[in-house]
Ligand SMILES: [Zn+2]
């Protein structure tokens with residue numbers, strides 16, 4: 001009587017299709033961010049911007065002018081803004097982290 005060979009080769013685990021990390025479609029900038037881009041020297045942040053962190057980054061420009069930088073993120077469209085405030089300058093400048101998408 002031959003022994004019943006019932007060794008079943010382990011089946012490979014089912015292959016899970018890994019969704020390709022599709023490039024995140026750029027979120028169009030909201031109205032307020034577009035307005036801020038059109039007027040980047042105003043001091044007050046639009047109401048949609050939330051301050052990230054509380055400590056401004058203080059540094060110096062290449063010309064030796066000290067400035068501070070705060071980072072904001074828009075609650076509506078996710079745009080990240082940097083607010084540069086240079087010493088002895090009346091105006092600030094808002095610079096988006098990446099170009100705005102309309
Ligand atoms: Zn926005």
Rounded Å value of the spacing that divides the Cα centres of the range 54-86 and the range 30-53: 12
Ranked 11, 68, 59, criterion: other C-beta atoms within 10 Å, fewest first: 11, 59, 68
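Kirkwood Rh, the range 49-96, all Cα pairs: how many Å?
Over the range 49-96, the inverse of the mean reciprocal pair distance is 11.3 Å.
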Debye intensity ratio in log₁₀ form over the Cα atoms of the range 19-102, taken at each q of 0.12, 0.22, 0.26, 0.27 Å⁻¹: -0.39, -1.03, -1.28, -1.34
Cβ-based exposure ranking for 43, 86, 75, in which fewest neighbours within 10 Å come first: 43, 75, 86
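Bear in mind these aren't lab numbers, they're just calculated from the coordinates by the rules spelled out. All values derive from a computational prediction rather than experimental measurement. Cβ sites come from the backbone with ideal geometry, for glycine too, and all protein chains shown count toward neighbours.
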